[in-house]
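Every number in this text was worked out from the coordinates using simple rules, so none of it is lab data. Quick caveat: nothing in here was measured; it's all calculated off a predicted structure. Virtual Cβ from ideal backbone geometry, glycine too; neighbours counted across all protein chains shown.
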Amino acid sequence: MRLYAWVYEGIVRELKSIAGDISKMFPAVFVWVPVPDGVVPALGWRAVKGAQGWVFSPPSAPDRTADELAKSIADERYRREGFGVVVDGLPIDTTRDSQSLIAGMAVSALMDAGYRCNFKTSAGFVELGAVQILAVSSAVRAHVQACFDREKALLEAIEAGEFVDGMLTEGWPVPALPTVLGLEPDPPADHKLEPQ
């Protein structure tokens, strides 16, 4: 028995194990190629005739549109945005909810230099004065802005035709909060985020 692949437009469309001469079993318009020993292609694999015979390779990942890439980049930016920062040794949450609370504290601190409040970090409650609140707010804003800056750079790479998949996980701000807490910086692959 010998394995043959029916190749149409450079793609394996069917596989058959045949004991006899396959060329006598099908019309000549069908291109049946013997599959080299040790190669086990699947339907959809690419097949190219080279100087040494037929070469089979798995299909490449499907090409994604610029819009699909931009969506992946926005999702990654949203995920990275919430990784957190450390300010004066305090681990500070940078999720959207926390950003909103911190912005409110910062407004109060700007209006009243004597303003103080109890703020809950992942390490517990701390009392912050106006100067500390503004430092926290600045650090959070810098982290979030760095995430948006990275997203912009990746979108520009798409426009220039220079984007490659590996770039999606490179160049983001350092994920301080998960590292400080001893957590994995990346959530499980099945974790669903809800961008707002």
Mean-square fluctuation maximum in Gaussian network of the chain, Cα pairs under 10 Å, restricted to 43, 128, 110, hits 43
Most fluctuating of 171, 50, 129 in the GNM of the chain (C-alpha, under 10 Å) is 50
Which is farthest toward the positive dipole end of the chain among 132, 117, 84, measuring Cα position about the Cα centre, with Cβ charges +1 (Lys, Arg) and -1 (Asp, Glu)?
-> 84
Sorted by chain and number, the residues with a modelled amide H under 5 Å from that of residue 122, at a separation of 5 or more or across chains, are 93
If you put +1 on each Lys and Arg Cβ and -1 on each Asp and Glu Cβ, how big is the dipole of region 1-109 around its Cα centre, in Debye rounded to 20?
-> 580
Whole-Hz ³J(HN,Hα) from phi, Karplus 6.51 cos²θ - 1.76 cosθ + 1.60, for region 14-25, glycine and proline x = 7, 10, 9, 9, 10, 8, x, 7, 5, 5, 8, 9
May I ask you to list the lysines whose Cα is less than 27 Å away from that of residue 49, ignoring any residue fewer than eight positions away on the same chain?
-> 16, 24
Could you list which residues have their amide H under 5 Å from that of residue 84, counting only those 5 or more apart in sequence or on another chain, with H placed in the peptide plane?
-> 94, 177
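Could you list 172, 6 in order of exposure, starting from the residue whose Cβ has the fewest other Cβ atoms within 10 Å? Intermediate results must be reported in sequence, preceding the final value.
On the way: 172 21, 6 18.
Neighbour counts put them in this order, fewest first: 6, 172.
As a footprinting exposure proxy, order 11, 158 by other Cβ within 10 Å, with the fewest listed first. Spell out each step's value before the answer.
On the way: 11 14, 158 17.
If I rank by nearby Cβ atoms, fewest first, I get 11, 158.
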Contour minus Cα-Cα span, residue 19 to residue 117, at 0.36 nm per residue, comes to 27.0 nm
Taking the Cα centre of the chain as origin and charging only Cβ (+1 Lys, Arg; -1 Asp, Glu), how large is the dipole, in debye to the nearest 20?
-> 560
Is the shape of region 1-46 rounded, prolate or oblate, going by the alpha carbon gyration tensor and its root eigenvalues a ≥ b ≥ c, with a/c under 1.5 for rounded and a/b larger than b/c for prolate?
-> oblate
For residue 126 and residue 148, calculate 0.36 nm times their separation in residues minus their Cα-Cα distance, and state this gained length in nm to one decimal.
-> 5.0 nm
Taking the Cα atoms only, what angle lies between the long axis of helix 66-81 and the longest principal axis of the chain, rounded to 10 degrees?
-> 40
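Whats the longest run of the chain with zero GluC sites (Glu not before Pro) that are DSSP loop and have at most 15 other Cβ atoms within 10 Å? All intermediate terms of the calculation are to be shown ahead of the outcome.
Values: sites that count: 9, 162, 170.
Counting at most 15 other Cβ atoms within 10 Å as exposed, the longest clean stretch of the chain is 10-161.
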Rounded to the nearest Å, what's the spacing between the alpha carbon centres of region 99-144 and region 61-88? Just the number, please.
-> 26
Using volume of the Cα convex hull per residue in Å³ as the read-out, say which of [x] 126; [y] 194; [z] 182 was calculated from these coordinates.
-> [z]
